[in-house]
Amino acid sequence: MTGAPWISVALPLSRLAALATLPRRGGKVGAAVPSKTIRTRHSAPPEPTSRTPRPVDSTILLLLVQDGVVNGAIYALIALSLVLVFTVTRVILIPQGEFVAYGALTLAAFEAGHRPGTVGLLLALGAAAFVADLAAGRHTLDARSLGAIALRDLVLPAAIAGATLVVPEKPGLLVGILLTLAIVTPMGAYLHAVAYRPLEHASVLVLLVASVGCHLALTGLGLVFFGAEGSRTPPLSDAMIPAGPLVVSGQSLWMLALTAAIILGLWTFFGLTLIGKALMATAVNRLGARLMGIAPSMAGRLSFSVAAFIGALSGILVAPLTTIYYDTGFLIGLKGFVAAIIGGLASYPGAALAAVLVGIIEAFSSFHASAFKEVIVFMAIIPVLLWRSLRSHPVEDDE
Amino acid sequence: MSALLDASGVTVCYGKIEAVRDVGLRVEPGQVVTVLGANGAGKTTLLSALMGVLPARGAVTFDGRPIGRLSIEARVGAGLGLIPERRELFSTMTVEDNLRLGAFRFGRRERGSLDGMFALFPRLKERRRQLAGTLSGGERQMLAMARALMGRPRLLMLDEPSLGLAPLIVAEVMRTVASLRDQGVSVLLVEQNARAALRVADYGYVLDGGAVVLEGPSRVLEADARVVETYLGVLAAETGAQEARAG
């Protein structure tokens with residue numbers, strides 16, 4: 001308890017965000033701090049920030065693991081959605097990080113008492129998706145399908161936008177969270193309709209290029225809607241629970257619990273529902289799924305929506321711990337991507353475990369060599385790729 | 001009688017090569033029609049074009065409705081089914097999940113047909129919890145047929161269902177095809193095993209170099225010298241001719 005409660009897991013991702021924005025925002029913290037020093041720079045606690053170097057004892061070890069696991073939970077959420085989207089649509093969803101930032105900043109806007117710019121983006125994306133869906137379905141449109149498309153692409157976003165007008169200026173945390181999820185989740189489907197569906201038959205490489213484009217566009221739009229200022233949101237819980245030598249924050253418990261809930265939810269979705277099995281079938285055998293009447297556009301729309309939902313939720317979970325800027329999501333997304341790659345972009349449990357590993361590697365490397373933290377995390381991918389390329393067979397050129 | 005499937009002028013190109021050239025083909029309701037031909041004659045390409053897997057020129061109507069511009073999924077919705085040569089099963093999913101997904105277009109209203117399928121293929125019931133990828137070749141073909149039938153197609157297209165299967169299993173596959181006709185399902189059967197196919201079919205087309213070179217009722221084709229020479233061999237010619245005389 002007396003050990004060092006101020007490096008508790010209440011603030012794990014702050015360092016990450018700070019480093020993500022380091023080059024542009026002029027901080028040189030990481031480089032200036034010698035390694036083997038406990039740093040508290042972004043934790044903003046009242047305690048003194050200079051400590052003499054000391055060896056890792058078991059308390060610090062525990063703290064770092066705890067830190068890593070909580071970070072890893074977020075990376076796991078990102079990694080799972082990347083695996084989902086890649087296996088179903090072959091898209092490497094680089095814009096996933098933007099959903100994280102949108103989630104955090106939309107909630108922050110509600111908390112600050114103004115209407116988030118993402119509402120306008122939702123309406124615009126919905127309208128664009130409407131046009132794209134009409135173009136894609138031009139040979140088979142009838143009154144019923146036209147109505148369904150209009151409902152999905154025009155009425156739904158209008159209803160959500162209407163809801164943001166109805167609620168009081170400061171809707172409260174719970175309503176704010178629900179609205180945030182409602183705003184960001186459909187964006188996944190619209191993004192798919194606008195940017196990816198026209199490329200349904202393109203190669204993975206072309207889809208990757210489209211992802212880079214979407215990432216840049218959405219980051220830019222994030223700057224327009226939210227400005228260059230970063231935001232934070234209040235934690236879901238202020239509780240601090242002592243647990244042996246550690247202090248566990250209520251927020252980190254929320255993070256772990258919601259991550260577990262999402263994993264359980266995904267498991268139920270794939271294991272027990274027909275629509276979840278249809279997504280899995282599309283991932284296993286695209287042509288086979290089409291021959292069963294499972295449209296890739298439906299599967300893509302659904303998996304993108306799930307990814308956007310998980311992304312927004314991750315953003316909501318991260319926002320109390322660290323200041324989120326319009327472009328913070330990218331680095332969080334990349335770490336999730338590292339985990340997904342370690343899992344081979346195919347295995348859900350593999351990606352989730354790898355995400356925890358990434359979190360722990362990050363925690364330890366920020367303790368021992370903070371300047372090289374990102375380098376170490378991203379280099380972890382190299383031995384994995386080597387091992388995979390040595391072990392794997394030549395690439396089959398199906399599809 | 002108006003045809004269930006009526007295709008005319010179907011042409012499929014791979015780049016500059018015409019794999020299927022100006023093919024016309026009709027399947028009447030409740031009829032088993034076979035398409036024969038050597039390797040590379042364009043049989044698989046033709047089926048893929050009819051299903052919308054490959055883009056094609058020409059007119060295709062199904063039940064009087066033009067379907068040439070529909071997606072694969074929309075054709076499934078209209079009542080077409082295809083069992084491709086490679087089966088395209090969901091190999092990492094269980095037999096039961098494969099079957100349930102076969103009825104995807106009906107949503108949750110498929111319980112009865114699952115039991116019906118297990119009655120038709122008892123072997124699949126024994127293996128219902130097994131992964132599709134662990135099945136033997138014959139079982140895979142059974143699963144592919146059962147999965148396609150779960151979607152209750154009005155026309156089922158089978159691409160080389162006997163490929164790589166033991167003779168006993170081929171016979172079982174052909175029995176199933178014949179029983180489909182009794183249930184009112186039309187069948188378009190592509191086969192290299194011409195003898196087995198002609199035995200079960202009502203009508204046949206012979207494809208060569210991507211074009212129809214011969215067509216007629218199965219009995220006539222079985223007796224036709226060109227078919228006999230190319231596909232059936234001398235021994236079959238004798239039995240075929242005898243059967244034709246007897247019939």
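Bear in mind these aren't lab numbers, they're just calculated from the coordinates by the rules spelled out. Because the structure is a prediction, the values reported are computed rather than measured. Note: ideal-geometry Cβ built from the backbone for every residue, glycine included; neighbour counts use all protein chains shown.
Couple of notes before you dig in:
- Around A:Gly113: net Lys/Arg minus Asp/Glu count, Cβ-Cβ under 10 Å: 0
- You can think of it this way: the chain between A:Leu386 and A:Thr140 has 83.8 nm of extra reach, that is 0.36 nm per residue less the Cα-Cα gap.
- Nearest-ten-degree value, helix B:111-120 long axis tilted from longest Cα axis of chain B: 50 degrees
- At R0 = 60 Å, FRET efficiency that the Cβ-Cβ distance of A:Ala217 and B:Ser179 yields, to 0.05: 0.60
- Pairs of lysines in the protein assembly as shown whose Cα atoms sit within less than 22 Å of one another amount to 7, provided the residues are eight or more positions apart or on different chains.
- Relative to its Kirkwood radius, the Cα radius of gyration of the protein assembly as shown gives an Rg/Rh of 1.08.
- Electrostatic dipole magnitude of the protein assembly as shown [Cβ: Lys, Arg +1; Asp, Glu -1; Cα centre; debye, to 20]: 1060 debye
- For the range B:89-152, Kirkwood radius (reciprocal of mean inverse C-alpha pair distance, Å): 11.2 Å
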